[in-house]
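I have placed the structure first, in the form of structure tokens, so that the comments after it can refer back to it.
The values are calculated or read from the model by the stated rules, or taken from the named source; none is laboratory data. Since this is a predicted model, take the numbers as computed values, not measurements. Quick reminder, even Gly has a Cβ in these numbers, built from the backbone with ideal geometry, and neighbours come from all protein chains shown.
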Amino acid sequence: MVELTTEQNLETLRQISLLLDREIQRLITENRHLTAELARVRGLPNPEQLAFTAVQDLAQARAKIFARAAADPAVRARRPAHPGHGPRPQPTLPIVEIRHELPAEARQCPACGGALTEMLGQAETSDRITTVKLTYQVEHHVRQKYRCACNGAVVTAPGPAQVISGGRYAPEFGVGVAVAKYADHLPLERQVRMMAREGLIVDSQTLWDQLNAMARHLDPTYTALGRRALDAPVINVDETRWAIMGSGKPAAGTVWGVHAPAVAFYRILAGKSADEGRQVLGDYRGTVVADGFAVYDVLARDGPGFTLAHCWAHAKRKYDEIAKQWPSFRQA
């Protein structure tokens with residue numbers, strides 16, 4: 001056997017070249033024959049269309065492979081982040097695919113006038129974020145009645161769950177009002193105007209009734225959060241002024257906050273005296289971290305006996321105030 005990489009005889013190399021050329025020509029002829037036969041089996045009038053179809057199949061396969069790679073979180077993680085204000089990933093948003101195709105009258109080649117055919121697997125893609133319009137609708141619930149031939153009973157199918165018994169607003173409606181008011185700080189009157197633009201006629205009292213009813217349903221959860229906070233061995237307690245809205249001028253109230261690991265519990269009371277403090281802390285016997293407000297000293301002394309640990313952050317404020325007045329004593 002001749003080793004082509006080391007053979008130096010020109011005549012030998014020439015003979016090998018001729019043999020290879022004849023073999024290549026034979027394979028070309030055989031390939032043409034097989035291509036024509038395959039085109040005939042597939043019903044293609046021109047064997048050259050088979051080659052074009054093969055290119056399309058290859059492009060479609062490549063598109064599927066690259067699409068899977070692009071969807072792989074590990075591949076996305078390896079991509080370098082774009083500097084500046086680039087597009088942010090939106091993993092929680094649903095994706096809706098919208099296809100754009102040429103109309104039939106536009107599928108003509110601008111170069112030769114021939115027909116434009118679809119390139120399988122070939123398309124330009126881009127993403128844009130849009131909004132789905134909020135709409136309100138009336139659900140007409142029909143609760144079917146059933147009877148027995150004995151005429152001894154009539155049973156009606158149960159209806160949907162309601163926040164207010166016999167009410168006409170679904171729970172998700174009330175939840176939306178609550179989120180808009182307490183998370184997004186949208187007053188009820190402003191929500192009324194927003195709903196009117198979408199065709200819903202409602203007043204702020206109706207929205208308030210929904211909030212009030214949901215608060216009653218959630219009261220057991222609120223109470224349980226308070227118990228869990230007071231079960232912690234160490235809690236942070238603080239109080240601050242809070243305006244209590246009424247029919248006239250807002251009254252001065254106090255919001256008391258009890259903070260424990262993973263739990264924050266609040267109570268709004270009329271004042272910040274020892275009586276209100278007892279309503280908040282009850283018979284708590286752990287450690288209370290609080291500021292220097294005198295009420296906590298009274299509560300710790302009168303019982304039932306929690307340990308009062310003053311807050312270092314409040315103590316540091318005094319040093320910061322002194323440092324502003326006498327900067328030279330900062331290092332003392």
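Go over the candidates Gly253, Gly226 one by one and state the one that is in contact with a strand residue (DSSP E or B) (Cβ under 8 Å, 6 or more places away or on another chain), assigned by TED's automatic domain parsing to the domain that holds Gly174, closer than 30 Å to Val177 by Cα and surrounded by 11 or more Cβ atoms within 10 Å (Cβ to Cβ). Can you show your working first?
Numbers: Gly253 fails: assigned by TED's automatic domain parsing to the domain that holds Gly174.
Among Gly253, Gly226, only Gly226 is in contact with a strand residue (DSSP E or B) (Cβ under 8 Å, 6 or more places away or on another chain), assigned by TED's automatic domain parsing to the domain that holds Gly174, closer than 30 Å to Val177 by Cα and surrounded by 11 or more Cβ atoms within 10 Å (Cβ to Cβ).
Which is of a type outside the set (Lys, Arg), modelled with pLDDT under 90, within 37 Å of the chain's Cα centre (by Cα) and farther than 20 Å from Asp231 by Cα, of Ala252, Ala332, Ala323, Ala313? Steps first, please.
On the way: Ala252 fails: within 37 Å of the chain's Cα centre (by Cα); Ala332 fails: within 37 Å of the chain's Cα centre (by Cα); Ala323 fails: within 37 Å of the chain's Cα centre (by Cα).
After ruling out the rest, the residue left standing is Ala313.
Checking the condition surrounded by 10 or more Cβ atoms within 10 Å (Cβ to Cβ), out of contact with any Ser or Thr (no Cβ under 6 Å at 6 or more places or on another chain) and not in a loop (DSSP other than H, G, I, E, B), which residue from Val163, Val155 passes?
Details: Val163 fails: not in a loop (DSSP other than H, G, I, E, B).
After applying the criteria, what remains is Val155.
Looking at (1) surrounded by 10 or more Cβ atoms within 10 Å (Cβ to Cβ); (2) closer than 30 Å to Arg197 by Cα; (3) at pLDDT 90 or above; (4) not small (Gly, Ala, Ser), can you tell me which one Thr92 breaks?
All conditions are met except number (1).
Among (1) free of Cβ contacts under 8 Å to residues at least 12 places away in the same chain; (2) more than 30 Å from Pro187 (Cβ to Cβ); (3) surrounded by 13 or more Cβ atoms within 10 Å (Cβ to Cβ), where does Tyr266 come up short?
(2)
If you scan segment 193-229, which residues turn out to be of a type in the set (A, V, I, L, M, F, W, C) and not in a helix (DSSP H, G or I)? Break it down stepwise before answering.
Going residue by residue through segment 193-229, those that are of a type in the set (A, V, I, L, M, F, W, C) are 194-196, 200-202, 207-208, 211, 213-215, 218, 224-225, 229.
Within segment 193-229, Leu200, Ile201, Val202 meet the criteria.
Condition first: touching a residue at least 24 places away in the same chain (Cβ under 8 Å), within 38 Å of the chain's Cα centre (by Cα), within 30 Å of Pro187 (Cα to Cα) and in a helix (DSSP H, G or I). Can you find one or more residues in segment 230-246 that meet it?
No: segment 230-246 contains no residue that is touching a residue at least 24 places away in the same chain (Cβ under 8 Å), within 38 Å of the chain's Cα centre (by Cα), within 30 Å of Pro187 (Cα to Cα) and in a helix (DSSP H, G or I).
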